[in-house]
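Written below as structure tokens is the structure these notes are about.
The values are calculated or read from the model by the stated rules, or taken from the named source; none is laboratory data. Note that the structure is a prediction, hence the values are computed from the model and not measured. Neighbour counts run over all protein chains shown; Cβ positions are idealised from the backbone, glycine included. Calculation scope for accessible area: heavy atoms of the full protein, side chains included, ligands and nucleic acids excluded. Shrake-Rupley method; radii C 1.70, N 1.55, O 1.52, S 1.80 Å.
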Amino acid sequence: PCRDDGNAGLQGGLSRRTGRGPNRPSLFEMGNHMKKIRVFAAALTAMLSVTWVAPALAQAAYPSKPIRFIVPYPPGGANDTLARLVAQKMTENVGQQVIVDNRPGASGVIGLDAVAKAPADGYTLGLAINTFVINASIMPKLPYDTDKDFTPVASLASSAFLMAVNSKVPVNDLKGFVALARQKPGSLNYGTVGSAGIGRLVGEMFSMNADVQVTQIPFKGSAQLLTSLVSGDVDFVIDTANVYLPHIAEGKVRPIAVPGDKRLVGLPDVPTFAELGMPKFDVRMWFGALAPAGVSPEIVKKLSAELARVMALPDVQTRLAQMEIRPFVQDSAQFGAFLKAEMAKYAEIIKTANIKPE
């Protein structure tokens, strides 16, 4: 039997003309569908663009708030003076205030522990000196891991050491001092701040290089040490030079030699140990900047470049030269390698001299 359906012809015609079968969408429906796909694709593209651009914008905006520069020593010393000079020049250039925060105590450990535990966002820096690497070998229970909890940012400057005797010691040069020390082993003494810090290690380095025996006398502070040297209770010191320059000018303290191979600007007539045949006795006080571990390489690079810019400023160099401090600039990678070498050097001295924690 044949079924008569009045719409059959029309349905067939549409199917033939449009290609739409019983389950295919109409052209109108297909148009709407394609429009939705285009809208979704545009939204996805915009979303991905924001995802990738946002970090770049955030990075470009650094710094967007004040930076804290922790100095793990009291105000007033060479460490503090250098940090405040750097902070001032950074503030003038980066558009945010750089604030010096003094956190003294425990040979720098308290302040540097605060750096290690700060957020790794580039808004906390810490000043490190030789003691930072010495503590790693001499303090068995540090609250931080010297190798893993910090990011080296840059080295900044170095301060020359000076060997000087009180005016009562009957020698005028290094040769005479070494001869006197060998005549009376252990009779000559040297003063240090603390019993196991940089002063002790420098004294041990001198003993090894000069092949002499000398006796350490530790003091609680630099003021007491200076008073004892001037009075004659301490025979000699090997310490940062700037503290002793006024007393040398007054004739109360006599300079003997400068470690390393560069003479002091303020004492151009005093020879170096290298000139006097002891080139391996090369030691200096250095200053560098650390950040917490995990700070992004981009921020570290910006900070390193900014610190290098500051140390190259003529007025900064003039001010530091008055304290016998010279620029000693390294980027993050160079400073990191330098720290490892310094740590190994002092660890060997501590082991050889059997130096124990204070």
- Note on the structure: Conditions (1) part of a loop (DSSP other than H, G, I, E, B); (2) within 22 Å of Lys345 (Cα to Cα) -> Val234 fails only (2)
- Looking only at segment 84-137, count how many residues are under 13 Å from the mean Cα position of the chain (by Cα), assigned to a loop (DSSP other than H, G, I, E, B) and at pLDDT below 95. 0
- Query: Here are some residues: Val243, Val270, Val258. Which one is modelled with pLDDT under 95, under 22 Å from Leu320 (Cβ atoms) and not hydroxyl-bearing (Ser, Thr, Tyr)?
  - Reply: Val243
- For segment 248-358, please list each of the strands (runs of 3 or more DSSP E) lying entirely inside it that holds at least 2 residues being more than 30 Å from Asp235 (Cα to Cα). 284-292, 325-330
- Note on the structure: Filtering segment 185-209 for residues that are open to solvent by 20 Å² or more (accessible area, probe 1.4 Å), in contact with a helix residue (DSSP H, G or I) (Cβ under 9 Å, 6 or more places away or on another chain) and more than 21 Å from Leu276 (Cβ to Cβ) leaves a count of 4
- Unique residue being more than 19 Å from Asp282 (Cα to Cα), open to solvent by less than 20 Å² (accessible area, probe 1.4 Å) and of a type in the set (A, V, I, L, M) when the list is Val234, Val212, Val243: Val234
- Query: So how many residues does segment 161-179 have that are without any contact (Cβ under 8 Å) to a residue 40 or more places away in the chain and of a type in the set (Phe, Trp, Tyr)?
  - Reply: 0
- Query: Quick check: anything in segment 163-174 over 26 Å from Ala241 (Cβ atoms), among the polar types (S, T, N, Q), out of contact with any helix residue (DSSP H, G or I) (no Cβ under 6 Å at 6 or more places or on another chain) and surrounded by fewer than 19 Cβ atoms within 10 Å (Cβ to Cβ)?
  - Reply: no
